[in-house]
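Below is the structure I would like to discuss, written out as C-alpha cells.
Rule-based calculations on the coordinates, nothing more; no lab input. Being a predicted model, the structure only gives us computed values, none of them experimental. Here the Cβ positions follow ideal geometry from the backbone for every residue, glycine too, while neighbour counts run over all protein chains shown.
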Amino acid sequence: MSKFLSASLLALGVTLAAPSVAQQTVLGTLLDTSDSGAWKFKYLGEPNPGEVFDWASQRTYIGGVLDATGYAQAETPLFAWPESTAPWISSSPSGYDKNGYYSYVATINDNLSGTLGVGEVLSFTSLSVSYIADDYVRAIVINGTLYEGAIPQNSRADWVTFDSAVLSGIPWNINGPNMIEIIVQNDWANYDNPTGFTGMIRATYQISAVPEPETCAMMLAGLALVGVVARRRRKSL
C-alpha cells in the first residue's frame with residue numbers, strides 16, 4: 001500500500017509541476033468618430049407613408065466586404081450636439097439632412113502578430129460598440145453579419161453599448177481587416193433635421209502561452225501514471 005501511495009504522490013507531483021498557461025488580455029485599436037476620415041456614409045432612403053422601408057436591400061456584402069459604391073466621406077458637423085462632448089459625424093457639414101436611413105462604415109485592422117512571443121497564440125474575445133445617435137441606431141453589421149434585434153435601441157439622449165460577449169459566433173478576423181457598419185435612422189420631423197452619431201468601437205483579444213511539447217509530455221506521463229496506480233490499487237482490494 002505504501003508503494004502505491006508513494007507512486008501516486010510522485011505522479012501527481014509530476015502533473016502539478018507543469019507550469020500553468022499564462023494569459024494576457026489585450027485591447028485593440030480604439031476606432032471612434034474623432035477620426036471622421038475613417039468613416040464613409042450612404043443615404044439609403046426612407047419609407048413612403050404607411051410603408052416599411054427595406055433599407056437592407058440598399059447595400060451589398062460579398063464575403064463580409066461591403067460594396068462601397070455610392071458611399072461618400074462622412075462629415076464633422078459645424079455644430080456640436082449638446083448631449084455629448086465626443087465628436088459626432090454626419091452626412092453633411094450642417095448636420096441637417098433628409099429623414100430616412102443612413103449607413104456609416106469603417107474598417108478596423110488590429111495586426112497584433114508582432115506582439116506575440118515564442119509559443120503564444122492570439123484569440124478574439126469580444127467587440128464593444130458604444131454610441132449615441134440622432135435619432136436611432138437600428139442595426140450593426142460586422143463583416144456582413146447583421147445584428148438588428150440584439151442591439152440596444154437608443155435616442156440621442158444616452159450612451160448605450162452593444163457587447164458581442166452576449167452573443168456567439170462573431171465573424172471577426174484576427175490580424176486582418178474587419179468592417180463595421182452602423183445603420184442610423186433619422187425620422188423625428190417632417191423636414192430636414194439633424195442626423196448623425198458618435199461612437200467608440202474596440203475589440204478585445206487574449207494572448208495565451210501554449211505549453212512546450214516537453215511540458216505536455218510530462219503532464220500526460222503524470223496522468224497516465226496516476227491511472228496505472230489507480231487500476232493496480234483496485235485490483236489489490
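Just one of 31, 112 is buried (at least 17 other Cβ atoms within 10 Å of the Cβ), touching a strand residue (DSSP E or B) at 6+ places or on another chain (Cβ under 9 Å) and of a type in the set (A, V, I, L, M, F, W, C); which is it?
On inspection, the qualifying residue turns out to be 31.
Working carefully through the options 136, 101, find the one that is surrounded by 14 or more Cβ atoms within 10 Å (Cβ to Cβ), at negative phi, in contact with a Leu (Cβ under 8 Å, 6 or more places away or on another chain) and not small (Gly, Ala, Ser). Can you show your working first?
Values: 136 fails: in contact with a Leu (Cβ under 8 Å, 6 or more places away or on another chain).
Of the residues listed, the single one that is surrounded by 14 or more Cβ atoms within 10 Å (Cβ to Cβ), at negative phi, in contact with a Leu (Cβ under 8 Å, 6 or more places away or on another chain) and not small (Gly, Ala, Ser) is 101.
Can you pull out every residue in segment 83-116 that is within 19 Å of residue 22 (Cα to Cα) and in contact (Cβ under 8 Å) with a residue 60 or more places away in the chain?
First, the residues of segment 83-116 that are within 19 Å of residue 22 (Cα to Cα): 112-116.
Correct list: 112, 113, 115, 116.
Same structure again: If you take the residues of segment 91-115 that are touching a helix residue (DSSP H, G or I) at 6+ places or on another chain (Cβ under 9 Å) and polar (S, T, N, Q), which of them is farthest from residue 203 (Cα to Cα)?
Here the answer is 103.
Looking only at segment 115-131, count every residue that is over 15 Å from residue 179 (Cβ atoms) and surrounded by 22 or more Cβ atoms within 10 Å (Cβ to Cβ) and tell me the total.
1
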